[in-house]
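Just below is one structure, and these are the notes that go with it.
The values are calculated or read from the model by the stated rules, or taken from the named source; none is laboratory data. Everything numeric here is computed off the predicted structure, so don't read it as measured data. Please note: Cβ atoms are built from the backbone with ideal geometry, for glycine as well, and neighbour counts cover all protein chains shown.
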Amino acid sequence: MNLIKKLLFILFLVLIIIASYFAFSFADRHSKKPENTLKPDKNVNLKQTDESGLTDFHNYKFKYTYTINTKGTFKKLKFLVFIPQNIDERQYVTINSISPKPDNMQKTPNSEIGEFVFNNLSGSKTITMEGTAKVRTYDYITAQKINKNIDNETDLSPYLKDEKYIEVNDPYIQKIAQTIQGNTKEEIIQNIYEYLQKNIKYTPIKEDIGAKEALKRKQGKCTQFAVSMAALCRAKKIPAKIVTGSMLEEGKNAHAWVEIYFDQYGWVAYDPTFEGVHVKEITPDGKEKRYILYNSKDTYLDYIILDKDHVNRPVLQFEADNLKENSVYLTKNLEFEKINKP
């Protein structure tokens, strides 16, 4: 009998110890506030995540259609077109089909080009390219979220020099650049952007004119906005380059914009063609910072980048011995569908 009492007493002590452990553990877990508690933005789809855990990628199915139209017969006609490729933190592309298949692929550090060769071509020829893409615009706001240099560019001199369409050393460009000031790199970029908004009117001109002519005429399309911003940035010793691609969401196709290099972030996208939205942020030291979030009608724009280093190269190009003006022209179309893909 005494043995049974002892066993019951020991069992009772064990139960008390176990109960106490769970009680203290429960209290400890609920006494601490969970770390990194974020309130999700109502406009963010939390299923859209990338390797960094960010939630601003969007997924698309796309189909490019290029129709080559000829007048007369070409013994040999070469057609070059940029193929979308993976770009870290910006876009992840899968090409499902290209018909007909390219005869050759050219790879450069910043792009991939499909080369199609047609023999005895007359009339028209159609090329289709289909795939899927997970894309986002790597703007200044996104770069701050990642908070790391994703490009690590070593030689920035090509993006500061004078060249065709980006006439950095021209006195007219230099004079305008001198009137644009700012205490920080961000402020200078913002003031360049605002100068373009006030002094260039969007006009779908047909000519290929550079920054100087666009600023003199005070008009131009996306290419002229882009080269003008790049020229003024370079004139202020800020590395800048032209990027070309396809714009989604707004139902448009070919587009050009600018990327500007930051030591801490790498190449950051700025689109001077559209109205900017001023974004204010209070820093830990209580000082107010002002940035520009480049978008249109308060809606994020998505882009598929075709060429990250477009300066004098056209996005689409023909080569032939008997190539004459208006002897060959191209019609192109982009169909896309946004998909909700985890």
*For the stretch 224-239, what are the residues that are touching a residue at least 40 places away in the same chain (Cβ under 8 Å) and assigned to a helix (DSSP H, G or I)?*
225, 226, 227, 228, 229, 230, 231, 232, 233, 234, 235
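What residue, of 102, 109, is out of contact with any strand residue (DSSP E or B) (no Cβ under 6 Å at 6 or more places or on another chain) and under 28 Å from residue 319 (Cβ atoms)?
109
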*Within the bounds of the stretch 192-211, is there any residue that is charged (D, E, K, R) and either under 30 Å from residue 63 (Cβ atoms) or touching a Pro at 6+ places or on another chain (Cβ under 9 Å) (or both)?*
yes
*When you look at residue 181, is it polar (S, T, N, Q), assigned to a helix (DSSP H, G or I) and surrounded by fewer than 19 Cβ atoms within 10 Å (Cβ to Cβ), yes or no?*
no
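Is it fair to say residue 141 is in contact with a strand residue (DSSP E or B) (Cβ under 6 Å, 6 or more places away or on another chain), outside any loop (DSSP other than H, G, I, E, B) and assigned by TED's automatic domain parsing to the domain that holds residue 243?
Details: in contact with a strand residue (DSSP E or B) (Cβ under 6 Å, 6 or more places away or on another chain): yes; outside any loop (DSSP other than H, G, I, E, B): yes; assigned by TED's automatic domain parsing to the domain that holds residue 243: yes.
Spelling it out, residue 141 is indeed in contact with a strand residue (DSSP E or B) (Cβ under 6 Å, 6 or more places away or on another chain), outside any loop (DSSP other than H, G, I, E, B) and assigned by TED's automatic domain parsing to the domain that holds residue 243.
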_Looking at the stretch 73-99 only, could you name the residues that are part of a loop (DSSP other than H, G, I, E, B) and either buried (at least 19 other Cβ atoms within 10 Å of the Cβ) or not assigned by TED's automatic domain parsing to the domain that holds residue 63 (or both)?_
83, 84, 89, 90
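Does residue 10 count as modelled with pLDDT of 60 or more and either assigned to a helix (DSSP H, G or I) or not β-branched (Val, Ile, Thr) (or both)?
yes
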_Need a quick list: strands (runs of 3 or more DSSP E) entirely within the stretch 240-342 having at least 3 residues that are under 15 Å from the mean Cα position of the chain (by Cα), within 25 Å of residue 201 (Cβ to Cβ) and modelled with pLDDT under 90._
240-247, 254-262
*Provide a single number: the residues in the stretch 158-175 that are assigned to a helix (DSSP H, G or I) and either farther than 24 Å from residue 267 by Cα or among the aromatic types (Phe, Trp, Tyr) (or both).*
4
*Scan the stretch 185-197 and give yes if some residue there is farther than 23 Å from residue 144 by Cα, surrounded by fewer than 19 Cβ atoms within 10 Å (Cβ to Cβ) and either in the same structural domain as residue 158 (by TED's automatic domain parsing) or not acidic (Asp, Glu) (or both), otherwise no.*
yes
_Residues that are surrounded by fewer than 19 Cβ atoms within 10 Å (Cβ to Cβ) and over 22 Å from residue 181 (Cβ atoms), drawn from the stretch 222-252_ = 249, 250, 251, 252
_the stretch 130-168, subset modelled with pLDDT of 90 or more and among the hydroxyl-bearing types (Ser, Thr, Tyr), residue nearest to the chain's Cα centre (by Cα)_ = 132
*Could you pull out the residue among 128, 203 that is without any contact (Cβ under 8 Å) to a residue 24 or more places away in the chain, more than 22 Å from residue 90 (Cβ to Cβ) and of a type outside the set (D, E, K, R)?*
203
_I'd like to check something: does the stretch 102-119 contain any residue that is among the aromatic types (Phe, Trp, Tyr) and in a loop (DSSP other than H, G, I, E, B)?_
no
_Show the residue pairs meeting these rules: Cβ distance below 7 Å; 6+ apart or different chains; first residue within the stretch 311-331 and surrounded by 12 or more Cβ atoms within 10 Å (Cβ to Cβ); second residue modelled with pLDDT under 70 and part of a strand (DSSP E or B)._
330/316
*Return the residue satisfying two criteria in turn: it lies in the stretch 198-221 and is assigned to a helix (DSSP H, G or I) and either in contact with a Gly (Cβ under 9 Å, 6 or more places away or on another chain) or surrounded by 13 or more Cβ atoms within 10 Å (Cβ to Cβ) (or both), and of such residues it is modelled with the lowest pLDDT.*
199
